[in-house]
Amino acid sequence: MSTVSNSGFWEERYLSAQTGWEKGRCAPPIARMLGEGLLAAHSHVVVLGAGRGHEALEVAARGLEATAVDFAASAVEATRAAASRLHLDVEALRQDLFTLRTTHAVTFDAVLEHTCFCAIDPARRDEYVEVVHAVLKPGGLVFGLFYAHGRPGGPPFDTSEEELRRRFGPRFDVERLARAPDSFSDRAGQELEFVFRRRG
Ligand SMILES: C[S@@+](CC[C@H](N)C(=O)[O-])C[C@H]1O[C@@H](n2cnc3c(N)ncnc32)[C@H](O)[C@@H]1O
């Protein structure tokens, strides 16, 4: 059965152009956050469920080390093609993010989240938090946007500030969690921008 936990589910979306999430560029709140100096020079940032790589390309364009992870072949190919076209250095891995725990333990200075948490099976959200914790260096950041649209069903699956504090709070310090003021217009008021820091 094809479910959101299978790469085939997403690959089919790419092949049939059912990519309603696709904006063709980095989300404005994330570009803004990257410009705020949250991250030290040369930080290594991993983008989970990176899609066609718009956020990873933005990370690389700002001189940071960028790794994009996605398990849909078309997404990874598109990221590689864009990086080549733009002469940007992005490592694009075709990999299930849930396997990063073993392949990339304590590797990254930051994890960038954008429309990935809302794409995975909600029953795997604690597992997602474990992966983020495992791949970050102590004191590392997970930051970006969570989709809190308040509608049933999915993907995209809804979340809330309360859920995020409950799931991340035991292992991360919440440094920011607030409605983003500059989302894409069709997501206005529905996104939470956040910065959480791995404790210890
Ligand atoms: C809704 S799309 C968003 C893509 C991208 N973040 C964007 O905003 O353009 C979700 C992406 O997550 C990927 N994805 C979902 N579950 C994944 C997993 N377990 N491992 C790796 N990638 C995953 C899908 O292949 C898809 O490209």
Response to the item:
For the chain, the percent of all C-alpha pairs falling in each 10 Å bin, from 0 up to the bin holding the max distance, is 9, 39, 41, 11, 0
Worksheet item: Taking K and R as +1 and D and E as -1, what net charge do the other residues with C-beta under 13 Å from the C-beta of ASP96 add up to?
Response: -1
Practice prompt. Would you kindly give the portion of the calculated P(r) for segment 3-76 that falls above 16 Å, as a percent of all Cα pairs?
Written response: 51
Worksheet item: To the nearest Å, what is the center-to-center distance of segment 1-25 and segment 126-188, using C-alpha atoms only?
Response: 21
Worksheet item: Applying the Karplus parametrisation 6.51 cos²θ - 1.76 cosθ + 1.60 with θ = phi - 60° to the phi angles of segment 176-191, what ³J(HN,Hα) value in whole Hz is obtained for each residue in order, glycine and proline being reported as x?
Response: 7, 7, 7, 4, 6, x, 9, 5, 3, 4, 6, 10, 4, x, 10, 10
Worksheet item: Which percentage, to the nearest 5, of the DSSP beta bridges contained in the chain is antiparallel?
Response: 40
Worksheet entry | CD proxy at 222 nm, helix term only [per DSSP H run n ≥ 4: -39500 (n - 2.57); per residue of the chain; nearest 500] | -8500 deg cm²/dmol
Worksheet item: How much net charge surrounds PRO138 when only other residues with a Cβ under 9 Å from its Cβ are counted (Lys, Arg +1; Asp, Glu -1)?
Response: +3
Worksheet, complete the sentence: Going residue by residue through segment 23-28, the Karplus relation 6.51 cos²θ - 1.76 cosθ + 1.60 with θ = phi - 60° gives ³J(HN,Hα) values, rounded to whole Hz and with x marking Gly or Pro, of 10, x, 7, 4, 4, x
Worksheet item: Excluding VAL129 itself, what net charge comes from residues whose Cβ is under 13 Å from its Cβ, given Lys and Arg +1 and Asp and Glu -1?
Response: +4
Discussion item. Quick check on segment 107-176: what are the equivalent-ellipsoid semi-axes from the Cα gyration tensor, as sqrt(5λ), descending, whole Å?
Written reply: 21, 12, 11
Worksheet item: So, with +1 on the Cβ of K and R and -1 on the Cβ of D and E, and no other charges, what is the size of the charge dipole of segment 147-200 about its Cα centre, to the nearest 20 debye?
Response: 340
Worksheet entry | Most fluctuating residue given options LEU97, LEU15, LEU34, as computed from a GNM of the chain linking Cα atoms under 10 Å | LEU15
Response to the item:
Sequence order, segment 146-151: Karplus ³J(HN,Hα) from phi using 6.51 cos²θ - 1.76 cosθ + 1.60, θ = phi - 60°, Hz rounded, Gly and Pro as x, gives 10, 8, 10, 8, x, 9
Response to the item:
With the charge dipole of the chain built from beta-carbon charges (+1 for Lys and Arg, -1 for Asp and Glu) about the Cα centre, the Cα from GLN95, ALA105, GLY153 projecting farthest to the positive end belongs to ALA105
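All of the numbers you see were taken from the coordinates with simple rules; none came from a lab. Nothing here was measured: the structure is a model prediction, and the numbers come from that model. So basically every Cβ, Gly included, is an ideal-geometry build from the backbone, and we count neighbours across all protein chains shown.
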